[in-house]
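Chemist: Before I ask anything, here is the structure I am working with.
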Amino acid sequence: MKLLINAPINALSFGNVSVNILRELYKKQIDLTFFPIGDKAELEAYDKIDRDFIKYLQSCTNDRFNKIDKNIPSLKLWHIFGSETRYTKNQSLFTFHEVSEVTSIEKNLLNLQDHIFVSSNYTKSIFELNGISNVTYVPLGFDTDFHVTNRTYLPEKIHFGIMGKFENRKNTARIIKAWLKLFGNKSEYQLTCAITNPFLDKNRFQNELLKIMDGKHYNNVNFLPYMQINSEVNDFLNSIDIDLGGLSGGEGWNLPSFNSTALGKWSVVMNATAHKDWATKDNCILIEPSSLKDCYDDIFFKKGQAFNQGQFFDITDQEMENAIQKSVSYAKTPNTEGLKLQKQFTYEKTTETILCAISSQM
């Protein structure tokens, strides 16, 4: 099969998904033409990557202008904004969407696509309610660069972790404040935050952290700098007992919380959006949303814009505190159901679903 891929290669979530799908295409020896979004493949974070795969990707990229053909199918992994450009006549789009609405411009751009892949049934239902057809739900997979280390990290402490871009959508500040209220300066508890956001001004980010701390000093919370390689991320996920990133109110999948759960950790998860596709009462500490809130934060979601309008799911501060408190009893206990996610969700399955859908259109 011949296929053209237009996707980003970087250390962010979109780039992570792209790399894992491309690796599966390499295993299947797909005749690939690759156009990296941004014209550069940033593979520095993938320290466990197969050298032969890199050669394959380089070859597919270097030959792209010789091999480009308007009659082969293409797959773009990107945001709705920017999805309007294409290289071939038949284009499928794999995109992520977290909010409750679809704007008229988003609908118009989505209807330009020959097929649409989304990573949650929630997004699929939102699109279809807005009259967008040809939508296929494709779950993501467990990244095989990650693995259980079987190391002992903080045996005398209950170690909480939160990983993901600092955002209002993800309730980052609220989660940390709730944890500090419960466990701040209590030596038997530790919170480690990996919440750098490359799209957020550094000064603003530092000011946000200062507001969270409210002028107080806490000796059991630390903020990690950006982790440069996946081995560092794997070590972080293995070191924690409880993941709090699942308290996000809107997700297209939530890779950090999914990966930590699949590594046998316990994640406190709001039972909404993409979480409902992989988180269960047996593998996570589920909390039901009790309300909705507008998505607007005047940074990434601005009211009245052509994209990203609508609401996220929400809970009260008290409900958040109760959920975090409940999670203490799960610490240091094995999550055998979580470990099963490694086999239940694989990028091999993700890629096969995509290829099958694309082939059926030709």
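The values are calculated or read from the model by the stated rules, or taken from the named source; none is laboratory data. Predicted, not measured: the structure shown is a model, and the values here were computed from it. Here the Cβ is made from the backbone with ideal geometry for all residues, glycine too, and neighbour counts use every protein chain on show.
Chemist: Please give the number of the condition PRO225 fails out of (1) assigned to a strand (DSSP E or B); (2) without any contact (Cβ under 8 Å) to a residue 40 or more places away in the chain.
Modeler: (1)
Chemist: Return the only residue of GLN305, GLN309, GLN325, GLN318 being outside any helix (DSSP H, G or I), modelled with pLDDT of 95 or more and exposed (fewer than 15 other Cβ atoms within 10 Å of the Cβ).
Modeler: On the way: GLN309 fails: exposed (fewer than 15 other Cβ atoms within 10 Å of the Cβ); GLN325 fails: outside any helix (DSSP H, G or I); GLN318 fails: outside any helix (DSSP H, G or I).
Selected residue: GLN305, the only one of GLN305, GLN309, GLN325, GLN318 that is outside any helix (DSSP H, G or I), modelled with pLDDT of 95 or more and exposed (fewer than 15 other Cβ atoms within 10 Å of the Cβ).
Chemist: Still on this model: Scan the stretch 59-94 for residues that are charged (D, E, K, R) and part of a loop (DSSP other than H, G, I, E, B) and report the count.
Modeler: Number satisfying all stated conditions: 6.
Chemist: Kindly indicate whether GLN190 is outside any helix (DSSP H, G or I) and at pLDDT below 95.
Modeler: Against the criterion (outside any helix (DSSP H, G or I) and at pLDDT below 95), GLN190 does not qualify.
Chemist: Out of curiosity, is THR172 among the polar types (S, T, N, Q), at pLDDT 95 or above, assigned by TED's automatic domain parsing to the domain that holds GLU232 and out of contact with any Lys or Arg (no Cβ under 6 Å at 6 or more places or on another chain)?
Modeler: yes
Chemist: Looking at THR144, THR103, THR149 in this structure, which one is at pLDDT below 95 and surrounded by fewer than 20 Cβ atoms within 10 Å (Cβ to Cβ)?
Modeler: THR144
Chemist: Residues of the stretch 12-29 being within 12 Å of TYR347 (Cα to Cα) and at pLDDT below 95, which ones?
Modeler: Passing the criteria: none in range.
Chemist: Taking the conditions exactly as written (of a type in the set (Phe, Trp, Tyr) and either free of Cβ contacts under 8 Å to residues at least 40 places away in the same chain or part of a strand (DSSP E or B) (or both)), does PHE53 satisfy them or not?
Modeler: It is true that PHE53 is of a type in the set (Phe, Trp, Tyr) and either free of Cβ contacts under 8 Å to residues at least 40 places away in the same chain or part of a strand (DSSP E or B) (or both).
Chemist: Counting only residues that are surrounded by fewer than 23 Cβ atoms within 10 Å (Cβ to Cβ) and of a type outside the set (D, E, K, R), which one in the stretch 152-165 is nearest to the chain's Cα centre (by Cα)?
Modeler: HIS159
Chemist: For the stretch 122-138, give me each residue that is farther than 15 Å from CYS356 by Cβ and among the polar types (S, T, N, Q).
Modeler: Listed by number, the residues that qualify are THR123, SER125, ASN130, SER133.
Chemist: Would you please list the contacts, defined by Cβ atoms under 9 Å and residues six or more apart or on different chains, that run from a residue in the stretch 66-80 that is outside the structural domain of LEU110 (by TED's automatic domain parsing) to a residue that is of a type in the set (S, T, N, Q) and at pLDDT 95 or above?
Modeler: Listed pairs, sorted by first residue: none to list.
Chemist: So PHE166 clears everything in (1) touching a helix residue (DSSP H, G or I) at 6+ places or on another chain (Cβ under 6 Å); (2) not assigned by TED's automatic domain parsing to the domain that holds LEU247 except one condition, right? Which one?
Modeler: That leaves (2) as the condition not met.
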